[in-house]
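Quick notes on the structure that follows.
The values are calculated or read from the model by the stated rules, or taken from the named source; none is laboratory data. Values in this document were obtained by computation on a predicted structure and should not be read as measured data. Backbone-built Cβ (ideal geometry, glycine too); neighbour counts: all protein chains shown. Heavy atoms of the whole protein, side chains included, go into the accessibility calculation; ligands, DNA and RNA do not. Shrake-Rupley method; radii C 1.70, N 1.55, O 1.52, S 1.80 Å.
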Amino acid sequence: MAGLEAMISSMEKKLGMGEPNAVQSWYKSRNGSAYAGNFAWCDALITWASVDSGNHDTVCFGTDYAYTVAHADKFSSKGQWTAMTKGIAASGIRRGDIVFFDWDGSSSIGAIDHVGIVTSVSGGNVYTIEGNTSNVCARRVRAVHDVAGFGRPAYSKSPSAPPVSGPARYTNTINGLAYGYGAKGDQVTKVGKALVAKGFGKHYKDGPGPTWSDADTECYSDYQKSLGLKGTAPGQDADGVPGASTLKKLLGSLPSKPAAKPVYEPFPGTAFFHTGRTSPIITAMGRRLVAEGCSKYSSGPGPNWTNSDKKSFAAWQTKYSKAHKLGWSAADCDGIPGKESWDALHVLAAL
């Protein structure tokens, strides 16, 4: 069903999506190999959502857009563009508008950097859903400085969808961590404790704990409403699912997913290293030898076991023996890896 709410619903489907992603692949399939790789996809997402929601003619005038300047210029040529020159309230920007941003603060279409869709407006802030924002699709809160202007699609007036009852039951991913119904982890407990500390814990009967429940959603919704956000139905701005701006305000900073621990290649055995051996493990080993200052390579390293690999590993064995006062002889440092010298080198797994 086409219309404003259908367009926003389609955008909400992609909340938390990272990159590279299916929207990029979809856009490439329609528009060719110029869009291969991890291209900027904020407007490609608007295009996708317009097609998914039956609003392609309305939002994109029947054209696929990845270039935000061209999209804004089209709104302007159709008389559906408003430059942000009078402030948020006076501009009349509202839910469903396609909002364009210039991070340098101008209202020039030619300077536009980014695009999203408006979900609500409160005071001097515009609340949005945007793709390719910190490499994900997420809800954002934007101030007037960043808004260059907006296009207003001529949405069809579709019958109102029946209200969705009950608390929101979707997740939003922020800095690699999930928040919202069913999310699990220490980050969930941290949010719950912060809500309780600020007086927003009345819905908890047990906890807060590491699994996000309806009680977490209801408590977070109360917190969002205290910030002036409106609309508690799923998908609205005070529905109890965290966005980056409210979460940062609650916690003081945004938690990040811990960096994955490096995975090291297990010792493949002395017999692995012989003339004719070809393996990505040899390349990974060579890169570590170069990093340790033990390179004897004139080119490479590469996947083929060569005398350069052997000489480089011998240099590493000598260095390691001296550093740890092991007293290895020249015969011990023969360039054929043993388990101790291999494990000490920390060769990253050749995935």
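Note on the chain: GNM, Cα springs under 10 Å; of Ser53, Ser106, Ser329, the largest mean-square fluctuation is that of Ser329.
Helix 214-226 and the long axis of the chain differ in direction by around 60°, with both axes built from C-alpha atoms. Ranked by solvent-accessible area (1.4 Å probe, protein heavy atoms only, all chains present), the residues Lys322, Lys190, Lys261 order from largest to smallest as Lys261, Lys322, Lys190.
In the chain, the longest principal axis of the Cα atoms and the axis of helix 22-31 are about 80 degrees apart. Basic side chains Lys and Arg get +1 at the Cβ, acidic Asp and Glu get -1 at the Cβ, and with that the dipole of the range 150-309 about its Cα centre reaches some 320 debye.
Projecting the Cα atoms of His274, Val290, Gly327 onto the charge dipole of the range 273-351 (Cβ charges, centred on the Cα centre) puts Val290 farthest toward the positive pole. Here the gap between Asn135 and Asp104, fully extended at 0.36 nm per residue and compared with their Cα-Cα distance, gives a gain of 9.2 nm. Note on the chain: with neighbouring protein chains present and a 1.4 Å probe, carbon and sulfur make up 51 percent of its accessible heavy-atom surface.
Solvent-accessible area per residue in the range 179-275 equals 53 Å², computed with a 1.4 angstrom probe and all protein chains kept.
The angle separating the long axis of helix 186-197 from the principal Cα axis of greatest extent in the chain is about 40 degrees. In this structure, Phe267 and Ser298 have a Cβ-Cβ separation that, at R0 = 25 Å, corresponds to a calculated FRET efficiency of about 0.40. Using a probe of 1.4 Å on the protein chains alone, the accessible area found for Lys184 is around 150 Å².
Per residue, the range 43-100 exposes 38 Å² of solvent-accessible protein surface, assessed with a 1.4 angstrom probe and all protein chains in place.
The range 1-41 gives an Rg/Rh value of 1.06, both radii derived from C-alpha positions and Rh following Kirkwood.
Among Met11, Met285, Met84, which one shows the highest mean-square fluctuation when the chain is modelled as a Gaussian network with alpha-carbon springs under 10 Å? Result for the chain, Cα springs under 10 Å: Met285 fluctuates most.
Fully extending the segment from Ala259 to Lys193 would add 21.4 nm, taking 0.36 nm per residue of separation and subtracting the current Cα-Cα distance. Taking other residues whose beta carbon is less than 15 angstrom from the beta carbon of Ala344, and scoring Lys, Arg as +1 and Asp, Glu as -1, yields 0. Only one residue of Ala36, Asn304, Ala90 has its Cα farthest out toward the positive end of the dipole of the chain, where Lys and Arg carry +1 and Asp and Glu -1 on Cβ, and that residue is Asn304. Expressed to the nearest 5 percent, the antiparallel share of DSSP beta bridges inside the chain is 100 percent. Across the alpha-carbon set of the range 7-129, the Rg to Rh ratio works out to 0.95, Rh being the Kirkwood radius. Note on Leu251/Glu19: beta-carbon distance plugged into 1/(1 + (r/R0)^6) with R0 of 30 Å gives a FRET efficiency of 0.75. Computed packing ranks the peptides 31-38, 123-130 as 123-130, 31-38, most packed first, by mean other Cβ atoms within 10 Å. Assuming charge only on the beta carbon of Lys and Arg (+1) and of Asp and Glu (-1), the dipole of the range 273-315 about its Cα centre is about 40 debye to the nearest 20.
In µm²/s, what is D for the chain at 25 °C and 0.890 mPa s, where D = kT/(6 pi eta Rh) by Stokes-Einstein and Rh is the Kirkwood radius from Cα pairs? In µm²/s, the coefficient is 103. Amide H contacts of Tyr264 (H built 1.01 Å from N, in plane; Pro and chain starts excluded): Ala349 sit under 5 Å, all sequence-distant by 5 or more or on other chains.
Simple rule: put +1 on each Lys or Arg Cβ and -1 on each Asp or Glu Cβ in the range 1-121, find the dipole, and look at His114, Val23, Ala6; the Cα lying farthest toward the positive end is Ala6. Label-to-label distance, Thr63 versus Lys322, with points set 7 angstrom from Cα along the beta-carbon direction: 6.6 nm.
Modelled spin labels at Lys78 and His346, positioned 7 Å past Cα toward Cβ, are 5.5 nm from each other. Taking Lys and Arg as +1 and Asp and Glu as -1, the other residues whose beta-carbon sits under 12 Å from that of Ala244 total +4.
Per the Debye calculation on the range 40-194 with a single equal scatterer at every Cα and no solvent contribution, log₁₀ I(q)/I(0) for q = 0.17 Å⁻¹ amounts to -1.03. Magnitude of the charge dipole for the chain, about its Cα centre and with charges confined to Cβ atoms of Lys, Arg (+1) and Asp, Glu (-1), is about 500 debye. If you find the alpha carbon centre of the range 102-148 and of the range 8-64, how far apart are they in angstrom? That distance is 17 Å.
Once all protein chains are placed together, Tyr264 keeps about 100 Å² accessible to a 1.4 angstrom probe. Straightening the chain between Ser329 and Asp214 buys 34.8 nm, computed as 0.36 nm per residue apart minus the Cα-Cα spacing. Just checking the listed ones, Lys311, Lys78, Lys202: in the Gaussian network model of the chain with Cα springs under 10 Å, the one fluctuating most is Lys311.
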